[in-house]
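See structure below.
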Amino acid sequence: MWMAVHVASPRIWSRGLQKAWSTWGCRLCSQSSSSTQPSHHPRTQAEKAKRRQAREKAILSSVGYTYQNACVIWFKQSLYSHVFQTSSLLDTTLPFPQSYSPEYVEFGWYQWWEKQGFFSPEQHSLSYIFVFLNPHAVDKYFSLCIPPPNVTGTLHLGHALTVAIEDALARWRRMQGYKVLWLPGCDHAGIATQSVVERKLMREQGKCRQDYSREEFLKQVWRWKNQKGDEIYYQLRKLGASLDWSRACFTMDPGFSGAVTEAFIRLCDSGLIYRSEGLVNWSCALESAISDIEVDSKELSGRTLLSVPGYEQKVEFGIMVTFAYPLEGQREVAVSTTRPETMLGDVAIAVHPDDPRYKNLHGKHCRHPFTERLLPIVTDSMVDMAFGTGISFICGVKRFDARERVITALMERKLFRGKKEHPMSLPICSRSGDVIEPLLKKQWFVRCQEMSRKAVQAVEEGDLQIIPHFYTKMWKSWLSNISDWCISRQLWWGHQIPAYRVGHYHKSTSQEQWVWGRSAAEARQRAAVKFGVNPDAITLTQDPDVLDTWFSSGLFPFAMLGWPQQTEDLKQFYPNSILETGSDLIFFWVARMVMLGRELTGQLPFKQVLFHSLVRDKYGRKMSKSLGNVIDPLDVISGVSLERLQEKVREGNLDPRESIVAMEAQKKDFPKGIPECGTDALRFALCSYKAQGEDISLSVSHVLSCRHFCNKMWQTVRFTLATLHDASLPTSLAEVRMDRWICSRLHSTVQQCERGFESYELHTVTSALHSFWLHSLCDVYLESIKPVLKGEGCCSEEQRDRERQVAASVLYHSVSISLALLSPFMPFLTEELWQRLLPYTDSDGTSRSLCVQPYPKTSQLVRNKPADFSLVEEVVRVARLLRAQCQLTKERPDCERTSSFYFPFYSNDVSIIYRLLMTLSLSVNLQNGINADKQRALLSQRREKLASKLNQALACTQKPNYTEKVPDKVRKDTENKVGTEENGQMHVTKNCTCHISHKMK
């Protein structure tokens, strides 16, 4: 079945620990023998019965752990704390708690993994040299970088999805023997960080940024960063991310800052960066230009009142205002605009040259109603004749704080001609909520046309693979129509632009002169050469602006490896194997990394780009703090009360009105808070969604169901350990039909995992593993071998012992291989369970952790011919379905069959009967199992709900012109829904008796 790699985990117990265990262990955990690890001696029937009763009482819900478990957790923490101080090895001979506790399982393992260096590629190098350390090591590398989260805040579920996917890939490749480097990093987040620190200083000291010098303010930012910056790294560790922390990178580190300066200099020298006057997105609240990704477009259908920073009253938008400009001869020309306050800066009036209404005004002048200036009327083909009056004005940009005053003044002069609702798209700053202004300003820009052409070509020629493929069309469309990129930001926190304005004594000109350099000295020398003057005659003033954060982030794949120096890391791990990130960053980060990487290194920064979908709440809404649906992954992992959730909202920076809305939403969605689910359950839940498609609507209930699955795994391993009486297991497996069947199912599962990982379809891997463990292993195989393990049967004692030993061996190998398959998704739980199974392995003492074990391959499994057990599976499925429908989760009702044949799971006659009869009716007698009146009441309630849904579906089909207006696909879906509801209602009505049956074909 499994060609075992002989492995084991060395154990040590110091005398002090042995004494502590003898003194405290029994006292803390002596309630029952079932809570301890099974001994190697056969148990009595009474002990086995006691263990079965304990398993039946094991809960599958997210309630708190018992006092006993709490004591075990305390002892485990104390023990592992001592182990970390005295040794690098762990021990798992602690008592095995009766039910799964995430806190118990997840404590200690990550620190041990990190201390052992399992996440470092150097570990692989040693293994490749000393083969006995890792016999499956291969001469291949796998590298990727984590999308650097902002240093300002905490991770959300979108980040958790990224971590879950990337860590699964990294752990999978590491278990395949690859030399893996997964690099951690953090982005300085210029705008966000500066905004947070400015608010903090105003709140605590009543000072704004301008009250400090630039150097003093930057010291405040660094102080804040050093205090808060490690929170994200703590979260990443809690999520189990197997990152190489010895190479952690911050974008403001000296080395990285040097790479940013080098990139700017090289791009300036090649003419790809230039300084020019152009339109930028200007945020008045931030007093800086911002990038396109930081601008949200708010669609307004008409008149809307919005809160704007710096204004006590809401501001009116979605209105078209019309007013008149006086002309000579008591005539006027009417102008329409959504921004009447900007008329204060009007310098001209523009009309379309083909507009017949204003042919006679070409070349004439009108008078400004306030300044009395004469404004020329010019023609411009860009004017939209259908917009308002067909006339616009040319002006400098002013804020709308003068809007009401302008309208009032126009009314006083009897030049106001009314206003009406006007649908519009309003640009909003995602950082501050401010309304964005287009501003003409001198800035530094990156020429993108040629670089974007090469980026498109890389995808078309197959050098860069984009997954899923449908993003390829979007990639080509956007890059083919790209504009030059403004990289100047009017901030203090960030990489100050290494460009200097030149002033010298021998030449005077009104035109700006700029040079750039890696230092002021280099810039001075460049200026002297450029202008042919003595360096001492030159004065330099460095540009006070900083570079766009996306510029430095675009260098991340190679700057984090030491570029521009040719380091060993750069030689080994660049280009990266893959980039995995959210689809919302395709243009603003991914495209820029490709353009800059190819231009600066001559190579693409990665070979593949894997995009995942966005995470939304269970209602499909975008995660937003103002909606109260942003969830901290740590709250899902450890659990949190409603009171603490609302306390976090109050501690945030939301507007008081938004805070009320957010807290009300939390009351509705989490009335009892969020239960403790654990890291493994969260990771498994996130990877179980199809990430390469539509957005993910994540619900905590789904994560909780994965926690139940963790408990199922826990109980399965407890049962397995109870069956293992001898340290050695037989090597000849799958002697009977049921054993061959589970082996074939395991082979099929491994095959599905191989295909799923290779295609990055992780949801197919998690689905296959969940199905195998829950349905094939637990529901069918484990239940079928219980009589064998009890020694029941009519054969000889020797034969029963042999069957019992083979069944235990098959169960052990099925569980151990499944744990290895699940390890990339559930690293903590699988490590804990694998370590407990390890003493029963035929090992040579070379293994230490599951995370560096070989990932199972179909080539290492003996492929058994699949046994036809489809009828058995169906019987089990239907029996469990009937029990669930009747709420018989613990009782064991009597089952009746339509024929009197013997139906044991081990019988070879099953397939013969299946071929002869083709159908089987399974009935559950409810008269002795449940309260019939209560069951009828429940079924009646269910019938009423189905009837309501059926009526709603039918009402949709009875609307006027339903056939003509509704697409065929929608009509078919509705018809299927109606049919389903009708069948469900009939089934419930039929089951309102004391006897339920189900026929299988």
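The values are calculated or read from the model by the stated rules, or taken from the named source; none is laboratory data. Given the structure is predicted, the values throughout are model-derived calculations rather than measurements. Here the Cβ is made from the backbone with ideal geometry for all residues, glycine too, and neighbour counts use every protein chain on show. Protein only, heavy atoms only, side chains kept; ligands, DNA and RNA dropped before computing areas. Shrake-Rupley method; radii C 1.70, N 1.55, O 1.52, S 1.80 Å.
Quick one: length gained pulling N360 to M202 fully straight, 0.36 nm per residue minus the C-alpha distance?
Stretched out fully, the N360 to M202 stretch lengthens by 51.2 nm.
First measure r as the distance between the Cβ atoms of S307 and T858, then evaluate 1/(1 + (r/R0)^6) with R0 = 56 Å and state the FRET efficiency to the nearest 0.05.
0.40
Quick one: which residues, 5+ away or cross-chain, put their amide H under 5 Å from the amide H of S697? H built at 1.01 Å from N.
For S697, whose amide H was placed from the backbone, the distant partners under 5 Å are R616.
Whose amide H sits under 5 Å from the amide H of K207, counting only residues 5 or more places off or on another chain, with H placed in the peptide plane?
Here the answer is M202, since their amide H atoms fall under 5 Å of that of K207.
How much length is gained on full extension from E404 to L426, taking 0.36 nm per residue of separation minus their Cα-Cα distance?
Result: 6.0 nm gained on full extension.
Compare the peptides 172-179, 268-275, 446-453 by average per-residue count of other Cβ atoms within 10 angstrom and give them in order, highest first. Intermediate results must be reported in sequence, preceding the final value.
Working: 172-179: 21.8, 268-275: 15.4, 446-453: 17.0.
Result, highest mean first: 172-179, 446-453, 268-275.
Between D584 and K607, take the C-beta separation as r, use R0 = 22 Å, and let me know the FRET efficiency to the nearest 0.05.
Once rounded, the FRET efficiency stands at 0.50.
What whole-number value in Å² describes the accessible area per residue of segment 217-365 for a 1.4 Å probe?
Accessible area per residue, segment 217-365: 45 Å².
Given R₀ = 45 Å, FRET efficiency for D973-E643 by Cβ-Cβ distance, to 0.05?
The value I calculate is 0.60.
How far apart, in nm, are two points set 7 Å out from the Cα along the Cα-to-Cβ line at M411 and at S276?
Going from the M411 label point to the S276 one covers 4.5 nm.
Using a 1.4 Å probe over the heavy atoms of the protein chains, calculate the carbon and sulfur portion of the accessible area of segment 426-550 as a whole percent.
50
Can you list residues whose amide H is under 5 Å from V351's amide H, if they're 5+ apart or on another chain and H is modeled 1.01 Å from N?
V378, T379, D380
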